[in-house]
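Presented below is the structure to which this report refers.
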Amino acid sequence: MQIRPLTGDDRTALTGWVTHTAGSPVAVTPLCAYDIRELDGFVAADVDGITGVLTCAVERQTCEIVTIDALQPGRGIGAMLLDSVRKLAVQRGCKRLTLFTTNDNLQAQRFFERHGFRLAALYPDAMDAVRQIKPKVPATGDNGIPLRDMIRYELKLRRPEIS
């Protein structure tokens, strides 16, 4: 498995995939709307092709993970992508990694908490605002759970000590 920075060709493939699955290349959080075609990121790939992707936005001292997808769960792809973005964030002087997920995405919540992220904020009814921008977002999410709220997770970063 190789993790590498997102390239122009990757962006084309990612845009098509995200538009097909999410209805548009725009990712919406309670604080911002991102066009994923303009973001930095990483791709996980093996001999069979792309197995995962992560996009992120760096602003001031925060690196926000905008999207993260492992196309083959259980292979450590998400963890490798997180490691890559963590290194990028530290190199760019960030003090924290943040991300948003939805209240129905229990798998993502477990994953991020296992990797050191902590719940930082709850945005009740945030999905109503998302639906204003992306009307195709369903009312019911994973496991039949009403898709209503967004959760912000945060991981504080430490700069490596220089010896």
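Antiparallel versus total DSSP beta bridges in the chain: what percent is that, nearest 5?
90
Return 86, 131 ranked ascending by Cβ neighbour count within 10 Å, so the fewest neighbours appear first.
131, 86
Enter the Cα centre distance for the pair segment 96-163 and segment 8-33, rounded to the nearest angstrom.
17
Please give me the summed charge of the neighbours of residue 37: other residues whose Cβ is under 12 Å from its Cβ, Lys and Arg +1, Asp and Glu -1.
It works out to a net charge of -3.
So what is the 222 nm mean residue ellipticity for the chain from helices alone, if each DSSP H run of at least 4 adds -39500 (n - 2.57) and you divide by all residues, rounding to the nearest 500 deg cm²/dmol?
So the helix-based figure for the chain works out to -9000 deg cm²/dmol.
Mind listing which GluC sites (Glu not before Pro) in segment 63-163 are in a DSSP loop and have 13 or fewer other Cβ atoms within 10 Å?
Loop-located and lightly packed - 161.
Work from the charge dipole of the chain (Cβ charges, +1 for Lys and Arg, -1 for Asp and Glu, about the Cα centre) and give the residue of 117, 3, 17 farthest towards its positive end.
Comparing the listed Cα positions along the dipole, 117 ranks first.
Read the figures in this text as sums done on the coordinates, not as results from a lab. Owing to the predicted nature of the structure, the values given are computational and were not obtained by experimental measurement. We place every Cβ from the backbone using ideal geometry, glycine too, and count neighbours over all the protein chains shown.
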